[in-house]
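The values are calculated or read from the model by the stated rules, or taken from the named source; none is laboratory data. Just so we're clear, the structure is a prediction, and the values are computed from it rather than from any experiment. So basically every Cβ, Gly included, is an ideal-geometry build from the backbone, and we count neighbours across all protein chains shown. SASA here: full protein model, heavy atoms, side chains in, ligands and nucleic acids out. Shrake-Rupley method; radii C 1.70, N 1.55, O 1.52, S 1.80 Å.
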Amino acid sequence: MTQAVLSIDLEALVANWRALDRCSGTSTRTAAVVKANGYGLGAARVAQALSQAGAREFFVAQAEEGADLRAALGPEARIFVLGGHMSGDARLIGEAGLIPMLNSAEQIARQMAALPDAPFGVQLDSGMNRLGLEADDWAKAAPALLAKSPALIMSHLACADEPAHEMNARQLAEFTRMTQGLDVPRSLAATGGTLLGPGYHFDMTRPGIGLYGGRPFTEARHVATLSLPVIQTRIVQPGEPVGYGNTWHAERVTKIATISAGYADGIHRVLSNLPHLYAGETPCPLRGRVSMDLLTVDVTDLAEVPETLDLIGPHQGVDALADLAGTIGYEILTGLGPRYARHYRESLG
Ligand SMILES: *Cc1c(COP(=O)(O)O)cnc(C)c1O
């Protein structure tokens, strides 16, 4: 059977990294966030392409992801672990040469007991209340940590995708206050913060979603295309239903194509009856419920039914699909499951 294919345009990915890199000055390095398997697109291939383009710093969420990335990237890359140093991770962190972002007094103690001479970073909470040391904990821990020259001090913005949100300036002020005058590289901005301007850039930016073509980097080039194979077609007469629960009925003589992919592949069931699939330029409406492994699509208006239809592509990106599903592009991308063959388009240059 023709397999469903998730095509990843590595040239566009690299172009997005370079464009975000150009947003900041030459004294600011641009890292790449490749957690959750490179936002579903394949962390190893994504990171290798960015490394070839000049990225030297990568962020993952967990130590296991970091160890896999080390194997893909070799010894030179710096790999930061946002979740920090979790219990039981010391060996993985040490052997893979990962840099845990320490988030709590407990993690600091764990790091200093197990890996006293290994590199580490510090994550501060500047108001999001999710990860990182609070101001009080930081004040207590800072002298001992600073004596060991942290590789990075960072914090994360809660509302950077809304440039006018007052939270941005508030977190910037708090992060600045907590780190003023320290001789340690600092980082505050992910994709949204990078687009907020130079005041947010410090020594390193950490874009994720923008690399993969998602909002809020609206100028991003399109990276992911999802092509789904047609299993069979049938003619449905006016009044006949399609799919579970009879949620759609034909109003005319309709040609329905049944497609191999469903909610088990990250095509959320809430998308039932909502998006189009594309045959080249031609939109074909999804009819009826999304099943676990199948979709049913109205292809009546096509002169010829192609072997595959695109659910994600230049005509309907991850954000358009996310809007229909009532979610964000991040969730659509990271939900794209293991059943897709991931094909990588390399730079031709
Ligand atoms: C996920 C994440 C990023 C990347 O965020 P994007 O919005 O995808 O650019 C950066 N920093 C931290 C702490 C994160 O959790």
| Charge dipole of the chain about the Cα centre (unit charges at C-beta), most positive-ward option of Pro100, Leu157, Ala12 | Pro100
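Can you give the longest stretch of the chain with no exposed loop site, where a site means GluC sites (Glu not before Pro) in a DSSP loop (not H, G, I, E or B) with at most 16 other C-beta atoms within 10 Å?
Details: sites that count: Glu76, Glu134, Glu219, Glu251, Glu281, Glu304, Glu307, Glu346.
Longest run free of exposed loop sites: 135-218.
For the full complex of protein chains and a 1.4 angstrom probe, list Arg287, Arg177 by accessible area with the highest value first.
Ranking Arg287, Arg177 by accessible area, largest first, yields Arg177, Arg287.
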| field | With DNA, RNA and ligands ignored, accessible area of Trp138 (1.4 Å probe; Å², nearest 10) | value | 10
| remark: So, relative contact order of the range 31-212 in percent, Cα under 8 Å, 6 or more apart, is 16
| Per residue and in cubic angstrom, what volume does the convex hull of the Cα atoms of the range 177-259 have? | 193
| note | Percent antiparallel among DSSP beta bridges confined to the chain, rounded to 5, stands at 55
| task | Please turn the phi angles of the range 207-213 into ³J(HN,Hα) values with the Karplus equation 6.51 cos²θ - 1.76 cosθ + 1.60 (θ = phi - 60°), one per residue in order, whole Hz, x for glycine and proline. | result | x, x, 3, x, 5, 8, x
| query | How would you classify the chain from its alpha-carbon gyration tensor, with a ≥ b ≥ c the square roots of the eigenvalues: rounded for a/c under 1.5, else prolate if a/b is greater than b/c, otherwise oblate? | reply | prolate
| remark: Checked against the positive end of the charge dipole of the range 31-212 (+1 on Cβ of Lys and Arg, -1 on Cβ of Asp and Glu, about the Cα centre), the farthest of Ser187, Ala135, Leu69 is Leu69
| Can you give the Rg to Rh ratio of the range 161-219, both from alpha-carbon atoms, with Rh computed by the Kirkwood formula? | 0.99
| query | For the chain, with only Lys/Arg (+1) and Asp/Glu (-1) charged at the beta-carbon, what is the dipole magnitude about the Cα centre, in debye rounded to 20? | reply | 300
| query | Volume per residue, Å³, of the convex hull around the alpha-carbon atoms of the range 224-345? | reply | 100
| Relative contact order (percent) for the chain, with alpha-carbon contacts under 8 angstrom and 6 or more residues of separation? | 19
| message | Please give the Cα centre distance for the range 246-292 versus the range 7-80, rounded to the nearest Å. | response | 34
| What is the diffusion coefficient of the range 1-74 in µm²/s, taking the Kirkwood radius over Cα pairs and the Stokes-Einstein relation at 37 °C with a viscosity of 0.692 mPa s? | 251
| message | Just want to confirm a number: the relative contact order over the range 224-345, from Cα pairs under 8 angstrom separated by 6+ residues, in percent. | response | 27
| query | How much accessible surface does Thr218 have with a 1.4 Å probe, in Å² rounded to 10? | reply | 100
